[in-house]
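J.: My questions will all concern the structure given below.
The values are calculated or read from the model by the stated rules, or taken from the named source; none is laboratory data. These figures come from a predicted structure and were not determined experimentally. Heavy atoms of the whole protein, side chains included, go into the accessibility calculation; ligands, DNA and RNA do not. Shrake-Rupley method; radii C 1.70, N 1.55, O 1.52, S 1.80 Å.
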Amino acid sequence: MTRSLSSTDDEFQRSADPYRAELLAHCYRMLGSVHEAEDLVQETYLKAWRGFGAFEGRSSIRTWLYRIATNACLSALQGRERRPLPVGLSGDSGDPAAPLVERSEVPWLEPFPDTMLDPAAVVTARETVRLAFIAALQYLPPRQRAVLVLRDVLRWQAAEVADMLGTTTAAVNSALQRAHAQLASVTPTPDDVVEPTGARQRELLERFMAAFEAKDIPAIVAVFTDDAVMQMPPFAHWYRGGEAIARLVRMWCPAHRDDLRLVPIRGNGQPGFATYMRGSVIGGASGSFVPWKLELLELDERGVRQSVSFFDTSLFAVFGLPALL
């Protein structure tokens with residue numbers, strides 16, 4: 001007897017839904033955009049639903065979904081520019097006294113909220129969605145990117161990847177070798193940075209929040225390391241060192257003391273803040289605080305060593321944040 005449409009739909013949902021979160025992270029690694037990743041996952045599930053009646057179990061449903069998603073990503077990446085961060089556009093740090101240069105035409109890398117990670121693999125997943133790793137992946141041609149993610153992140157066998165991409169095991173191994181060489185050429189030499197845990201991390205984040213809400217310039221200098229880097233897409237330049245970062249804030253941040261509210265967030269396996277600005281500062285209602293930027297941080301025992309601020313306020317909804325405080 002032919003299965004009813006409703007029973008087929010129910011079976012598809014039971015079989016496919018458990019993989020939605022990990023597929024979203026996979027598409028994000030491939031695309032560097034949480035918005036595009038959400039669209040591609042929707043496309044993947046629509047294609048899978050339409051083809052579910054003919055799915056004969058020649059592979060697991062997880063493998064089948066990854067095949068659809070990976071090939072959808074490869075199609076989407078055809079002819080696309082890579083998604084950079086500002087350090088990927090220029091080798092020289094910017095002058096904090098110079099006017100900010102906005103590059104709205106650049107398809108910037110986007111952050112990914114930790115709440116969207118697969119809860120069953122959240123610890124390992126965080127290490128493979130960190131901003132530095134996603135930015136490095138953008139330097140790889142799409143098929144090399146797919147091979148590296150499938151082999152190194154998802155730990156698939158070379159033969160499985162070859163079958164998925166319609167190529168040979170030898171070609172997969174060669175692509176992986178080239179991807180490793182390319183990543184080694186564009187990523188910094190690994191150092192011995194040890195991330196602070198527990199009380200020290202809380203202390204640094206509390207100091208960071210207090211310094212910016214008060215626009216306390218000496219405190220801002222003190223919370224950053226001497227070699228800290230700040231990036232602010234869609235602005236093209238990046239800035240190095242606590243002194244330069246504090247000078248940038250003093251000159252170009254329109255807020256005064258008590259005009260900002262920082263809400264803790266986590267994205268790309270990193271701590272950070274959603275920053276709201278008093279509406280009256282930017283021509284809005286004086287009694288409310290409106291979205292201004294999302295900021296993700298890297299910490300070490302000395303202080304904040306990396307800061308990336310995203311001024312795309314549509315990301316507030318992606319992170320589940322309110323439109324007003």
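J.: Cα-based Rg of the range 76-190 per 2.2 N^0.38 Å, rounded to two decimals?
T.: For the range 76-190, the normalised Cα radius of gyration comes out at 1.24.
J.: Rank A211, A121, A48 by mean-square fluctuation in a GNM of the chain with C-alpha springs under 10 angstrom and give only the top-ranked residue.
T.: A121
J.: Sticking with this structure for a sec: Any number yet on Rg/Rh for the chain, C-alpha, Kirkwood?
T.: Rg/Rh: 1.01.
J.: A further question follows. Stokes-Einstein diffusion coefficient for the range 189-248 at 25 °C in a medium of 0.890 mPa s, Rh from the Kirkwood formula over Cα pairs: what value in µm²/s? If you can, show how the numbers build up before the last one.
T.: Working: Rh = 12.7 Å.
In µm²/s, the coefficient is 193.
J.: Kirkwood Rh over alpha-carbon pairs of the range 118-165, then Stokes-Einstein at 4 °C and 1.567 mPa s: what D in µm² s⁻¹, rounded to an integer? Numbers along the way, then the final one.
T.: Working: Rh = 11.6 Å.
D = 112 µm²/s.
J.: Give me the tail of P(r) for the range 2-113 as a percent: Cα-Cα pairs with distance above 19 Å.
T.: Details: 3475 of 6216 pairs.
Every Cα pair in the range 2-113 considered, those over 19 Å come to 56 percent.
J.: Counting heavy atoms of the protein chains only and a 1.4 Å probe, report the per residue accessible area for the chain as a whole number of Å².
T.: The answer is 48 Å² per residue.
J.: To continue, here is another question. Using a 1.4 Å probe on the protein heavy atoms, what percent of the accessible area of the chain belongs to carbon and sulfur?
T.: About 53 percent, which is the carbon plus sulfur part of the accessible surface.
J.: Just the C-alpha atoms of the range 238-325: what Rg/Rh do they give, with Rh taken as the Kirkwood radius?
T.: Details: Rg = 13.5 Å, Rh = 13.9 Å.
Rg divided by Rh gives 0.97.
J.: So if I restrict to the alpha-carbon atoms in the range 167-291, what is the Rg, and what is Dmax, the biggest pairwise distance, in Å?
T.: Rg and Dmax of the range 167-291, Cα atoms, are 19.6, 63 Å.
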